[in-house]
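Structure first, commentary second.
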Amino acid sequence: MLCKYCKKEIENDSVFCRFCGERVQRARKKPKEEVPVPAPQLTASGKYRGRVMVAGQRVWITEDTEAAYYVRARAVKSGMIEQAKAAPKTTLGDLIDKYIADNKAVLSPSTVIGYRTIRGNSFRDYMNQNLQSIPWQAMISKETERYAAKTIKNAWRLVTAALRYAKQPVPTVNLPKSIRKERSFLDFTQIHAFLSAIQGDPYEAAYLLALHSLRYSELAALVPGSCSGDLIRVRGAVVPSEHGLVKTELNKTDRSRRDIPIMISRLSVLLHDNPLPITARDMTLNKHLDRLCRSAGLPTVTMHELRHSFASLAYHLKWTEKTTMQLGGWATPDVVHEIYTHLSSKDVNDDVINMRNFYDRVLDSENPCPNS
């Protein structure tokens with residue numbers, strides 16, 4: 001083409017003449033780029049439906065026509081992109097830190113410690129990443145290489161609680177499946193042997209209190225006035241905090257505040273001769289308990305599993321689940337029901353064996369041995 005000013009030959013797509021510098025034509029505008037959205041699917045009702053995703057958020061779009069679907073889907077996705085750009089840059093670590101700081105006064109000291117442990121150890125590759133750019137499912141999947149399913153679920157609960165507190169959308173993810181560990185406890189025959197094995201032991205009183213359903217945090221909070229007459233008054237707990245073990249006036253639940261009749265007379269004698277409080281640490285009691293059980297040929301249990309042994313004995317004595325929950329301080333029936341169900345299945349097996357023995361005796365009497 002020729003420049004209309006200097007009449008010299010220039011390239012056809014020139015905007016300015018390379019000889020005289022005059023503008024020879026307007027710059028062509030680039031075609032407007034469309035926001036990419038997935039193609040819709042035709043539903044059985046004749047509508048077009050598809051899903052738009054931005055930064056882990058998913059929105060389903062349904063329209064009568066395919067053209068209407070694309071118009072609305074692009075509009076929705078464009079709006080979500082602009083909203084994401086305008087959102088303040090908050091990292092996952094910042095989000096969790098704020099949640100813990102704002103709720104510290106209403107959380108138990110041990111819960112705060114647990115949350116801070118999760119903050120320091122879980123999702124470490126993503127804690128400093130902006131919320132809008134975290135690939136949530138990839139984050140969960142990567143964590144399975146380091147931790148068990150239960151640990152990952154606990155960490156994810158904290159993340160979702162922090163997201164909801166900040167009024168952020170909670171992404172949908174697939175969590176690893178955990179295999180529930182069967183609870184250990186002593187049955188009524190083993191409890192008899194256990195009582196003999198611990199008699200005279202320095203920690204006997206602590207173990208007998210656990211057999212009365214007390215958690216370690218509850219028995220550690222007992223003071224001289226907590227046991228009077230034939231009652232154990234459970235009020236408060238000793239829990240870990242940022243400053244070591246501290247006593248609180250709160251139990252784990254409202255039902256944990258309870259009065260338990262002393263049902264092992266030996267405990268009354270021990271508490272009279274060795275007044276409260278019990279100062280031995282949980283780890284010390286558990287290690288010593290493990291050695292005692294092994295020496296006596298009993299299943300190894302922990303202090304908390306002695307609490308479950310209380311429920312197993314209650315089942316043997318035909319207590320209702322409601323009574324066991326009330327004296328044991330369980331707020332929900334899950335643990336008690338699990339123990340009762342486990343033991344009832346054992347009773348079924350015993351009943352089956354008894355029925356087999358019955359039939360064996362009947363058949364033996366009808367078909368006596370020829371030499372008898």
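In table form, for the structure just shown:
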item	result
Fluctuation leader among F16, F185, F310 - the chain, Gaussian network, Cα springs under 10 angstrom	F16
Volume in Å³ per residue [convex hull over Cα atoms, computed for the range 119-176]	79 Å³
Longest to shortest principal axis, alpha-carbon extents of the chain, angstrom	127, 70, 36
Percent RCO, i.e. relative contact order, over the chain, from Cα pairs under 8 Å lying at least 6 residues apart	11 percent
Too-long pairs where the Cα-Cα distance tops 28 Å, listed order kept, from K104/K247; K104/K167; K89/K150; K47/K77	K89/K150
Unit charges on C-beta of K, R, D, E only; dipole of the chain, Debye	2580 debye
Fully extended contour minus Cα-Cα distance, from D64 to D254, at 0.36 nm per residue	62.9 nm
Between helix 66-86 and the chain: long-axis angle, C-alpha atoms, 0 to 90°, nearest 10	70 degrees
Average Cα contact separation per residue, the range 197-338, under 8 Å, 6 or more apart, as relative contact order %	29 percent
Label-to-label distance, nm, for residues given as L107 and V170 (7 Å Cα→Cβ offset)	1.6 nm
Once the Cα gyration tensor of the range 208-302 is diagonalised, semi-axes √(5λ) in Å	22, 19, 12
Computed [θ] at 222 nm, helices only, for the chain once each DSSP H run of length n ≥ 4 contributes -39500 (n - 2.57)	-14500 deg cm²/dmol
Whole-Hz ³J(HN,Hα) from phi, Karplus 6.51 cos²θ - 1.76 cosθ + 1.60, for the range 312-327, glycine and proline x	5, 5, 4, 5, 4, 8, 6, 6, 6, 4, 4, 5, 4, 5, 5, 7
Relative packing of 256-262, 43-49, which averages over residues the other C-beta atoms within 10 Å, highest first	256-262, 43-49
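Only the coordinates and a few stated rules stand behind these numbers; no lab work does. Just so it is clear, the structure is predicted and the values come from calculations on it, not from any experiment. Please note: Cβ atoms are built from the backbone with ideal geometry, for glycine as well, and neighbour counts cover all protein chains shown.
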